[in-house]
Amino acid sequence: MTETLDINITQTSKSKLPETDLQNPTFGSVYADHMFIADYAEGEWKDLRIVPYGNLSISPANTTLHYASTIFEGLKANRAENGDVLVFRADANARRMQKSAVRMCMPEVPTELFMSGMTELLKLDREWVPTAPGTALYVRPFQLAMDPYIGIRPSSTYQFLIITGPVGGYYSEPVKVKIETHYTRAAQGGTGFAKTGGNYAAALKPAVDAQKEGFNQLIWTDAKTHEYVEESGTMNLMFVINDTLVTAPTGDTILNGITRDSIIQLAKDKGMAVEERPIKVTEVLEAIENGSMQEAFGAGTAATVAPIKLIHHDGTDYNLPSVDGWKHSKEFLDTLNKIKTGQIEDPHGWIMRI
Ligand SMILES: *Cc1c(COP(=O)(O)O)cnc(C)c1O
């Protein structure tokens with residue numbers, strides 16, 4: 001670690017903001033004017049800098065290009081009514097990236113470096129945080145190995161970068177999902193709990209196949225028996241059964257989502273029973289059939305809450321009618337949105353004001 005967190009700032013000479021439609025941003029295609037970069041070499045993070053957003057120069061032998069030595073995070077900055085920029089639980093993202101780093105033999109980015117880099121970047125690009133309801137500035141911190149070496153070994157050099165881009169209100173129509181019983185996302189002892197590139201590359205074919213069959217997303221099951229539901233690949237899975245919030249425990253194979261954790265806390269706050277335990281596919285299907293399943297939804301930063309209206313398993317569709325208008329999903333979504341935009345009190349200290 002450098003002794004002081006001096007960040008060298010080079011501002012862009014031409015902002016892209018005037019030609020950007022901040023009211024209707026599309027996810028993942030527009031990036032703000034600047035990016036944060038730190039280099040790791042000789043055992044320390046150095047040369048912390050903010051530069052105009054632009055291409056990187058990478059050796060064709062770069063180890064990440066060949067062996068996927070890359071980890072990432074995702075969070076959102078929101079606009080409060082008074083214009084302040086608010087960030088939700090960023091320290092939890094910093095800690096999770098450290099866990100991913102350890103699994104991938106990468107040096108950890110200290111929380112202080114993560115937070116200072118993000119804060120300075122957001123200060124500089126604060127006008128990029130959109131104001132329309134439901135919109136946000138998506139923040140994507142990531143870390144990659146930089147050694148120009150095609151042998152297989154941990155790299156000795158790395159970069160940590162943060163890019164940001166405005167994203168639209170992602171209010172999603174209730175989705176149709178398929179319980180995957182052939183392919184596997186994560187196995188015991190594997191990397192499922194880490195946000196590392198290879199997990200997502202390997203999940204593409206099953207997801208594309210499911211989309212061709214008319215489903216929006218997959219529900220992954222355990223690798224060994226395919227008898228237990230796990231998560232959705234970018235979202236954790238939650239059920240309301242008999243007024244109890246039920247979700248699978250995180251561990252090796254299920255990513256420890258910050259939205260999941262926040263919803264569990266909100267449920268406890270309002271006195272709702274919460275169970276974190278293994279959930280059998282048969283339990284889910286039976287609960288739908290006997291009417292005790294009130295709601296099912298995905299929980300993740302992109303959509304926050306994505307209600308599920310149909311679950312497909314092994315040739316059969318199970319419809320999840322909205323008994324009381326997705327009451328719980330809507331309430332969790334609404335409470336989280338209000339905390340994130342400073343409209344209601346933040347009792348758990350989740351918000352940081354930039
Ligand atoms: C990022 C992610 C989630 C959701 O995590 P949040 O912190 O809530 O955004 C869930 N599952 C996987 C596999 C993910 O990569």
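Listed values, structure above:
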read-out	value
Residues that are at positive phi, more than 16 Å from the ligand (Cβ to nearest atom) and surrounded by 16 or more Cβ atoms within 10 Å (Cβ to Cβ), drawn from the range 62-103	none
Total residues in the range 11-27, condition in contact (Cβ under 8 Å) with a residue 60 or more places away in the chain and of a type in the set (Lys, Arg)	0
Among residues of the range 9-32, those that are closer than 24 Å to Pro133 by Cβ and out of contact with any Gly (no Cβ under 8 Å at 6 or more places or on another chain), counted	8
Any hit, the range 265-284, residues being outside any strand (DSSP E or B), closer than 25 Å to Asp252 by Cα and touching a Leu at 6+ places or on another chain (Cβ under 6 Å)	yes
Count of residues meeting criterion [within 20 Å of the chain's Cα centre (by Cα) and either part of a loop (DSSP other than H, G, I, E, B) or more than 8 Å from the ligand (Cβ to nearest atom) (or both)] in the range 224-259	20
Of residues in the range 213-223 being in contact (Cβ under 8 Å) with a residue 60 or more places away in the chain and within 16 Å of the ligand (Cβ to nearest atom), the one surrounded by the fewest Cβ atoms within 10 Å (Cβ to Cβ)	Gln217
Residue within the range 328-347 that is aromatic (Phe, Trp, Tyr), more than 18 Å from Ile263 (Cβ to Cβ) and in contact with a Leu (Cβ under 8 Å, 6 or more places away or on another chain) present	no
Options Ala306, Ala287, Ala248, Ala302: the member that is farther than 30 Å from Leu75 by Cβ and either among the hydrophobic types (A, V, I, L, M, F, W, C) or modelled with pLDDT of 95 or more (or both)	Ala287
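The values are calculated or read from the model by the stated rules, or taken from the named source; none is laboratory data. Since we're looking at a predicted model, the values are computed, not measured. Heads up, the Cβs are rebuilt from the backbone with ideal geometry, glycines too, and the neighbour counts pull from every protein chain shown.
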